[in-house]
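Heads up, the thing below is written out as structure tokens.
The values are calculated or read from the model by the stated rules, or taken from the named source; none is laboratory data. Source: prediction; values computed, not measured. Glycine also receives a Cβ, built like all others from the backbone with ideal geometry; neighbour counts cover every protein chain displayed. Each accessible area value is taken on the protein alone, full model and side chains, heavy atoms only, with ligands, DNA and RNA left out. Shrake-Rupley method; radii C 1.70, N 1.55, O 1.52, S 1.80 Å.
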Amino acid sequence: MSQFFALIPAAGSGSRMGHQLPKQYLPLVEKPMIYHALHTLVNCSKITRVFVILAPDDDVWVRYDWTTFKDKLVVEYCGGDARAESVLNGLNAMYSSGKVDGDDWVLVHDAARPCLSAPQLDQLINELSYDGVGGLLAIPVSDTLKRADSDHRIASTEPRAHLWQAQTPQMFRFNLLKDALSKVDSRQITDDASAIEALGLKPRLVLSDAYNFKVTYPQDLALAELILQKREIK
Ligand code: CTP
Ligand code: MG
């Protein structure tokens, strides 16, 4: 039986957030942002272990108490300059741990998506466990899409039919993902599925919702907090 592992790349600096503290540590409902996704992944009974990939010079992680996750949590200080490099370095660290088999599933999830819910995670695992390629959570684009020229004027309106926004987790078999990521230019891609696509494969899109958005800009923090608070009250 294949096992399920989670890998959280958390080695970014959050440049668009514009805060001194990397965004994965910014407070959300009295916890550092990464706590929330970690909580959802660790509490999923199907997931054996959760690897967190930090920047080699990260000195913020140790300021918090993570003992509540200790049974499943593995922390590696091997993040790279681009997200794909952090993920690939993380996969290599998982391999070195000797606990992972090539056919096991890896769910790569951004530290910056704190609002991933348990039902969404279950849905992803249930829909993909027997898939030949793997896939990701995503939502169909709902806004009208404009292509801009260099003056911020509309050059064209792009048809949005069949367009989806990629989210995470992105779930692929360990060997396939490691092979795919080792073949791409890590600065050219912003998600894991792109690397799989470059092999000529077609990852499956699993319907998600807008709650699982990526916290990127300062105004996103308040929205994420509202979503998390609403869930706690229920
Ligand atoms: N990430 C990473 N290593 C990098 C860059 C990003 O592990 N070299 C992680 C981030 O920590 C985040 C996820 O990948 O959890 C998604 O990246 P993004 O939202 O772009 O975060 P940042 O790169 O930190 O933000 P920005 O692009 O605004 O600098
Ligand atoms: Mg980034």
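As an exercise: evaluate LYS72 against (1) in contact with a helix residue (DSSP H, G or I) (Cβ under 8 Å, 6 or more places away or on another chain); (2) free of Cβ contacts under 8 Å to residues at least 40 places away in the same chain; (3) within 16 Å of ligand 1 (Cβ to nearest atom) and give the number of the one condition it does not meet.
The failed condition is (3).
Looking at VAL42, VAL100, VAL60, can you tell me which residue is more than 30 Å from GLN219 (Cα to Cα) and touching a Phe, Trp or Tyr at 6+ places or on another chain (Cβ under 6 Å)?
VAL100
For the range 31-64, which positions are of a type in the set (Gly, Ala, Ser), within 15 Å of ligand 1 (Cβ to nearest atom) and either over 30 Å from ASP103 (Cβ atoms) or surrounded by fewer than 24 Cβ atoms within 10 Å (Cβ to Cβ) (or both)?
ALA55, the sole residue that qualifies.
Could you tell me whether the range 80-100 includes any residue that is within 16 Å of ligand 2 (Cβ to nearest atom), at pLDDT 95 or above and within 19 Å of PHE213 (Cβ to Cβ)?
yes
If LEU116 passes every condition in (1) away from ligand 2 (no atom under 16 Å from the Cβ); (2) surrounded by fewer than 17 Cβ atoms within 10 Å (Cβ to Cβ); (3) not in a strand (DSSP E or B) but one, which one does it miss?
Among (1) away from ligand 2 (no atom under 16 Å from the Cβ); (2) surrounded by fewer than 17 Cβ atoms within 10 Å (Cβ to Cβ); (3) not in a strand (DSSP E or B), LEU116 violates only (2).
Have a look at SER142, SER182 and point out the one that is modelled with pLDDT of 95 or more and either at positive phi or out of contact with any helix residue (DSSP H, G or I) (no Cβ under 7 Å at 6 or more places or on another chain) (or both).
SER142
So GLY18 ticks every box in (1) under 17 Å from ASP220 (Cβ atoms); (2) within 11 Å of ligand 1 (Cβ to nearest atom); (3) in contact with a Phe, Trp or Tyr (Cβ under 7 Å, 6 or more places away or on another chain) but one. Which box is left unticked?
It is condition (3) that GLY18 fails.
Residue under question is GLU127, and the condition is that it be touching a residue at least 12 places away in the same chain (Cβ under 8 Å), open to solvent by 50 Å² or more (accessible area, probe 1.4 Å), in a helix (DSSP H, G or I) and within 16 Å of ligand 2 (Cβ to nearest atom); does it hold?
no
Out of the range 101-113, which residues are assigned to a loop (DSSP other than H, G, I, E, B) and surrounded by 22 or more Cβ atoms within 10 Å (Cβ to Cβ)?
Passing the criteria: HIS109, ASP110, ALA111, ALA112, ARG113.
In this structure, does LYS23 turn out to be under 22 Å from ARG231 (Cα atoms) and within 16 Å of the chain's Cα centre (by Cα)?
It is true that LYS23 is under 22 Å from ARG231 (Cα atoms) and within 16 Å of the chain's Cα centre (by Cα).
In this structure, is THR68 β-branched (Val, Ile, Thr), modelled with pLDDT of 95 or more, assigned to a strand (DSSP E or B) and surrounded by fewer than 18 Cβ atoms within 10 Å (Cβ to Cβ)?
So THR68 does not fit the description; no.
Which pairs do you get when a residue that is surrounded by 14 or more Cβ atoms within 10 Å (Cβ to Cβ), found in the range 1-30, comes within reach of a residue that is hydroxyl-bearing (Ser, Thr, Tyr) and in a strand (DSSP E or B), reach meaning Cβ atoms under 7 angstrom, with the pair 6+ apart or on two chains?
Sorted first by the residue in the range 1-30, then by its partner, the pairs are GLN3/THR48; PHE4/THR48; PHE5/THR48.
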